[in-house]
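First comes the structure, then the notes that go with it.
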Amino acid sequence: MTDIKACIFDLDGVIVDTAKYHFIAWRELAEELRFEFTEEHNERLKGVSRMTSLEILLEVGGITLDEEQKLKLAAQKNDRYVSYIEKMTPDEILPGVVSFLNELRLAGIKTAIGSASKNTPLILERLKLEKFFDAVVDGNKVSEAKPNPEVFLKGASELGFEPKNCIVFEDAVAGVEAAHNARMKCVGIGFPEVLGKADMVIPGFQRFNLSKLKEI
Ligand code: G6P
Ligand code: MG
């Protein structure tokens with residue numbers, strides 16, 4: 001059994017459903033470039049960095065661009081994305097998240113965010129969640145993308161715990177792999193068919209609690 005001292009949470013798709021805003025912003029960009037970008041295509045962008053997401057989008061559209069043009073388009077997409085997430089409110093926190101975070105606080109278990117998103121500070125501020133996390137490791141602090149374990153190892157070290165005492169919560173396949181590469185156990189948020197490699201898979205935090213986590 002794991003001696004749980006810390007929980008490290010991915011942000012997008014775990015704490016809040018920002019995927020829909022990423023999708024709208026990427027789809028608008030694709031429209032401007034005159035090709036269709038579907039929700040199915042968008043699945044490939046989950047957990048993937050901004051620039052890699054753009055590469056995938058351009059591949060879908062069969063478009064080749066130079067580095068300067070790519071940076072311009074990524075910035076354009078991000079401006080749009082930010083205009084959506086700026087309007088988010090705490091109502092958009094996924095069900096059960098706040099009560100689970102409160103339970104962890106009461107139990108003395110430390111918490112961190114481990115996300116690829118450079119917009120993490122803005123999202124946490126809009127959702128009024130900053131006070132729930134003892135450390136925030138995001139795309140501004142790491143250079144390696146998941147499945148590289150850097151983001152979670154940094155989270156553990158900022159909290160001062162060994163990986164073996166940390167549990168990761170992830171909705172992306174690359175994130176589950178990153179957790180395992182960091183030698184941490186992982187709770188998958190989503191469908192077992194997709195996240196089968198996780199040590200436990202739950203549909204969300206509703207009806208989830210610490211005693212269930214301890215079964216991991
Ligand atoms: C998360 C999301 C990805 C997103 C990435 C970078 O991992 O799941 O879809 O591309 O963060 O986000 P950013 O806010 O920095 O563009
Ligand atoms: Mg995610």
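The values are calculated or read from the model by the stated rules, or taken from the named source; none is laboratory data. All values reported here derive from a predicted model rather than from experimental measurement. Cβ atoms come from the backbone with ideal geometry, glycine included; neighbour counts cover every protein chain shown. Surface accessibility is based on the protein's heavy atoms, side chains included, excluding ligands, DNA and RNA. Shrake-Rupley method; radii C 1.70, N 1.55, O 1.52, S 1.80 Å.
For this structure, a couple of remarks:
- Helices (runs of 4 or more DSSP H) within region 1-91 that include 3 or more residues of a type outside the set (Lys, Arg) and within 10 Å of ligand 1 (Cβ to nearest atom): 19-32, 50-61, 67-85
- When 35, 23 are checked against the criterion of being in contact with a helix residue (DSSP H, G or I) (Cβ under 6 Å, 6 or more places away or on another chain) and under 22 Å from residue 126 (Cα atoms), a single residue qualifies: 23.
- Flag set for residue 127, criterion: within 16 Å of ligand 2 (Cβ to nearest atom), farther than 27 Å from residue 148 by Cα and in contact (Cβ under 8 Å) with a residue 60 or more places away in the chain.
- Unique match (being open to solvent by less than 60 Å² (accessible area, probe 1.4 Å) and closer than 30 Å to residue 207 by Cβ) among 99, 83, 115, 49: 115
- Summed over region 134-159, residues that are in contact (Cβ under 8 Å) with a residue 24 or more places away in the chain and away from ligand 1 (no atom under 16 Å from the Cβ) total 6.
Table: residues versus (1) in contact with a strand residue (DSSP E or B) (Cβ under 7 Å, 6 or more places away or on another chain); (2) free of Cβ contacts under 8 Å to residues at least 12 places away in the same chain; (3) buried (at least 22 other Cβ atoms within 10 Å of the Cβ).
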site	(1), (2), (3)
178	no, no, yes
182	no, no, yes
187	yes, no, yes
194	no, no, no
197	no, no, no
207	no, no, no
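- Count of region 118-140 residues, restricted to those that are within 15 Å of the chain's Cα centre (by Cα), of a type in the set (D, E, K, R) and surrounded by fewer than 17 Cβ atoms within 10 Å (Cβ to Cβ), is 1.
- Listed by first and then second residue, the pairs linking a residue in region 2-20 that is under 19 Å from residue 179 (Cβ atoms) to a residue that is within 9 Å of ligand 2 (Cβ to nearest atom) and aromatic (Phe, Trp, Tyr), with Cβ atoms under 8 Å apart and 6 or more places separating them unless they lie on different chains, form an empty list.
- Residue within region 165-173 that is at pLDDT 95 or above and β-branched (Val, Ile, Thr) present: yes
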